[in-house]
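Just below is one structure, and these are the notes that go with it.
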Amino acid sequence: MKKNWWKVLAVLLLIFTVVAGMLTEVPRLAILNETIRNLYFHVPMWFGMTLILLISVIYSIKYLRNPTVRNDVVAYESAKVGILFGVLGIVTGMEWAKFTWGEYWSNDPKQNAAAIGLLIYFAYLVLRSSFAEQQQRARISAVYNIFAFAALIPLLFILPRLTDSLHPGNGGNPGFNSYDLDNRLRVVFYPAVLGWTLLGIWIINVKSRLELLRQRLYETV
Amino acid sequence: MVLLREVLSLIQKDLVLEWRQKYAFNGMLLYVSSTVFVCYLSFGLRSNVLTVPVWNAVLWIILLFTSVNAIAKSFMQENRGRLLYFYSIVSPQGVILAKIMYNALLMLVLALICFVFYAFVLGNPVQDVPMFLLSILLGAIGFSTSLTMISGIASKAANSSTLMAVLSFPVIVPMLLMLIKMSKNALDGLDRSLSLDELLTLLAINMIVVTVSYILFPYLWRS
């Protein structure tokens with residue numbers, strides 16, 4: 001139980017996020033209205049995705065330095081969970097955009113960058129599936145993973161800042177920081193980010209343990 | 001110093017090989033000219049269809065596909081024995097740097113030929129030609145830096161030509177977007193300071209990609 005306190009914390013934080021996120025007072029703003037609550041669900045997905053992909057890259061680097069099956073499995077599972085978060089981020093973002101911008105997909109630079117980012121990681125999955133031999137697959141996909149992450153950084157953090165976008169925080173639209181005075185959002189937002197990320201790490205934990213057990217089973221059979 | 005000498009001799013070897021065979025270069029030249037000609041035929045029926053943004057986009061798409069095809073060969077053409085031979089006499093850093101530089105040179109020549117031919121056939125709306133040539137130069141370097149590493153990765157896999165396309169497009173799209181915007185500015189003859197942001201970002205992306213390739217290639221090479 002002592003080792004599992006963070007799982008309890010994740011559950012509590014997520015319950016808090018859902019309950020408080022739906023029920024607490026939020027700033028009344030034109031156009032946004034109640035959709036501002038998406039801040040607790042959409043934005044943490046991107047925070048979580050970036051962090052989880054970072055975990056994946058760290059394990060890829062660890063694999064190159066110290067090739068063990070565990071490092072490879074964790075890197076792979078984290079990349080998959082990162083993709084899941086990215087897809088959820090796009091879906092929640094599209095749903096939100098339908099109500100505020102009027103279209104699910106309005107060719108916005110941020111939407112496009114997110115889609116390209118996901119394509120990079122889908123390519124990672126395709127690359128992995130094209131090797132038969134385990135060690136070669138692990139090493140080459142680790143190399144691609146690090147390379148892809150280096151390509152992802154300018155995509156997510158530099159390019160969107162150079163262009164105008166409808167997205168909050170760009171092109172004169174108020175971003176999260178302009179609600180600085182309103183601490184009601186922050187009270188739920190930070191626990192939400194932490195909760196979703198912990199949930200992602202939990203999924204990685206369970207999935208990689210399962211994968212390692214499965215591999216051990218195949219070895220012995 | 002040793003690294004520099006290795007890189008130079010590897011580039012020289014690639015150039016000599018290319019000069020003797022003229023296989024890849026002529027093939028790519030034919031590829032470029034037939035693509036441009038197909039564009040001419042498909043747009044030429046109603047010549048007023050080709051607005052400036054379309055002109056720009058089509059040129060970059062042609063350049064993108066040309067570079068993917070040209071650079072995909074860079075590791076696949078090396079047979080196993082020769083790779084083993086390199087492995088015993090030069091460092092992997094030397095190999096990747098030499099390949100990047102050779103590909104940049106090859107792409108630059110191909111891109112310039114492509115641009116001249118394209119402008120000749122489909123008209124030349126470029127108002128700021130030096131700036132446009134600079135964007136082509138950056139494009140050639142950028143494509144070759146990222147695609148060289150990708151082709152190294154793809155050449156290890158079984159169905160490498162499909163994989164090459166799948167792996168390279170997402171990685172190259174950010175670069176392509178910057179390039180298209182920069183060359184659009186040059187096409188419209190806008191003030192050069194407006195393109196400075198794109199220029200610096202492109203240089204930064206190139207730096208990142210070269211550094212990462214330099215660090216990662218030894219691991220790829222070992223297999």
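What follows is calculated from the coordinates using simple rules that are stated; it is not laboratory data. What you see is a predicted model; the values in this text were computed from it and never measured. When we count neighbours, we look across all protein chains shown, and the Cβ atoms used for this are built from the backbone with ideal geometry, even at glycine.
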Task: Odd one out for B:Met175 among (1) at the interface with another protein chain (Cβ under 10 Å from one of its Cβ atoms); (2) surrounded by fewer than 22 Cβ atoms within 10 Å (Cβ to Cβ) - done: (2)
Task: Checking A:Tyr63 against (1) touching an Asp or Glu at 6+ places or on another chain (Cβ under 8 Å); (2) outside any helix (DSSP H, G or I), the condition it does not meet - done: (2)
Task: Considering residues of the stretch B:178-223 that are of a type in the set (Ser, Thr, Tyr) and facing another protein chain (nearest Cβ under 9 Å) only, the residue farthest from B:Val95 (Cα to Cα) - done: B:Thr201
TODO: Would you be able to say whether some residue in the stretch A:199-210 is touching a Leu at 6+ places or on another chain (Cβ under 7 Å), in contact (Cβ under 8 Å) with a residue 12 or more places away in the chain and assigned to a helix (DSSP H, G or I)?
DONE: yes
- [ ] Answer yes if at least one residue in the stretch B:156-169 is more than 30 Å from A:Gln134 (Cα to Cα) and of a type in the set (A, V, I, L, M), and no otherwise.
- [x] no
Task: Matching residues, the stretch B:1-34, being in contact (Cβ under 8 Å) with a residue 12 or more places away in the chain and within 16 Å of B:Asn69 (Cβ to Cβ) - done: B:Glu18, B:Ala24, B:Phe25, B:Met28, B:Leu29, B:Tyr31, B:Val32, B:Ser33
Task: Residues that are part of a helix (DSSP H, G or I) and either over 25 Å from A:Val57 (Cβ atoms) or out of contact with any helix residue (DSSP H, G or I) (no Cβ under 9 Å at 6 or more places or on another chain) (or both), drawn from the stretch A:97-122 - done: A:Ala97, A:Lys98, A:Phe99, A:Thr100
Open item on the list: So, in the stretch A:106-122, how many residues would count as being farther than 17 Å from A:Thr50 by Cα and either among the hydrophobic types (A, V, I, L, M, F, W, C) or within 9 Å of chain B (Cβ to nearest Cβ) (or both)?
Closed with: 1
Open item on the list: One residue is enough: does the stretch B:153-160 have a residue meeting the conditions out of contact with any Lys or Arg (no Cβ under 9 Å at 6 or more places or on another chain), more than 7 Å from chain A (Cβ to nearest Cβ) and surrounded by 23 or more Cβ atoms within 10 Å (Cβ to Cβ)?
Closed with: yes
Task: Residue selected from the stretch A:123-151 under the condition of a type in the set (D, E, K, R) and in contact with a helix residue (DSSP H, G or I) (Cβ under 7 Å, 6 or more places away or on another chain), by the criterion nearest to the other protein chains (Cβ to nearest Cβ) - done: A:Arg139
